[in-house]
Amino acid sequence: MNRIETLCSKERYTFEDLRTVVEILRSPQGCPWDKEQTHESIRMNFLEEVYETVETIDNKDLAGMREELGDVLFQVVFHSRIAEEDGWFDLADVCDEICRKMIIRHPHVFGDRVFDSEGKPLKDWEAIKANSHSFTTATETLQAIPRTLPALMRADKLGKKSRKFGFDWEAPESIAKVDDELAEVKEAIAEGDFDHIEEEFGDLLLSTVNAARLHGVDPELALTKACEKYLKRFASVEAQSLSAGMKISENSRENLLAYWKIAKMDVT
């Protein structure tokens, strides 16, 4: 029985079977699409699988989470296989590196270090991370935050790490900063310079993220909830329009704004 026949005859699969599946898919006898892929070509696939996993967590969908975690795991194995074929590293190297990293970063578990407060392990974790990356300045620590993160999440992380180095606004100041940036947006719009408008909107968004953080609000979660509320209110507007015998795209702006006011009262 060959490898493919052996795999197809199994009733339950293991991590090693997953490695074999990926090897077969990338082999000359494998799938034409899988054989052509590179790290770059499936970059977005990786991101999409992670986001889909997060959605199952938010929805408390355990069956979906099991499936999506499998998709994420497949991506890890797939990337590792491509790297192995190119002679860079293999899956064993990936496992070795993460194990070493976790052991080094948890000296209170795998070493003899003892912490005397609840907050100490986190501070120590940051120091160990900085040392492991050979950071010598605070700026290097901030620059290490991936640019590929969603901008809202990256802005929040930049603010949190800046605060660890003693640079940050206080909560009341942060609201005043939002007001200042909004005023600058209005000035830029009045000037009509697109590049300046874009810049000032960026500053406004960044200051808003900082203000939310300093008031104990997770900006990513807050915006997610706001999006969901908007969708519900939009659905209400469309339902009202349909009840009046018109598609939403055919109705007048005045009517739609009136429906929106009703939706705001009905949908919180």
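The values are calculated or read from the model by the stated rules, or taken from the named source; none is laboratory data. Computed from a predicted model, the values in this text were never measured in an experiment. Don't worry about glycine lacking a Cβ; one is built from the backbone with ideal geometry, like all the others, and counts go over all protein chains shown. Remember, those area values only see protein heavy atoms, side chains included, never the ligands or the DNA or RNA. Shrake-Rupley method; radii C 1.70, N 1.55, O 1.52, S 1.80 Å.
Which longest run of the chain has no exposed loop site in it, a site being trypsin sites (Lys or Arg not before Pro) in a DSSP loop with at most 11 other beta carbons within 10 Å, and the site itself not part of the run?
Result for the longest clean stretch: 148-246.
Using 0.36 nm per residue, how much length does the chain from Ser162 to Asp90 gain when fully extended, once their Cα-Cα distance is taken away?
Length difference between fully extended and current span is 22.3 nm.
With a cut-off of at most 14 other beta carbons within 10 Å, and DSSP calling the residue loop, which GluC sites (Glu not before Pro) in the stretch 194-236 qualify? Please list them.
When the GluC sites (Glu not before Pro) of the stretch 194-236 are filtered for loop state and at most 14 Cβ neighbours within 10 Å, nothing remains.
Taking loop as defined by DSSP and a crowding limit of 12 other beta carbons within 10 Å, which chymotrypsin sites (Phe, Trp or Tyr not before Pro) in the stretch 1-80 fit?
Tyr13
Take the cross-link list Lys160/Lys225; Lys161/Lys186; Lys10/Lys60 and give me the ones stretching past 27 Å between alpha-carbons.
Beyond 27 Å between Cα atoms: Lys161/Lys186; Lys10/Lys60.
Once neighbouring chains are kept in place and the probe is 1.4 Å, which whole percent of the accessible area of the chain is contributed by carbon and sulfur?
For the chain, the apolar C and S fraction of the accessible surface comes to 57 percent.
For the Cα atoms of the chain, what angle does the longest principal axis make with the long axis of helix 120-132, in degrees from 0 to 90, nearest 10?
70
Along each of the three principal axes of the Cα atoms of the chain, give the extent in whole Å, ordering the values from largest to smallest.
Sorted from largest, the Cα extents of the chain read 72, 57, 40 Å.
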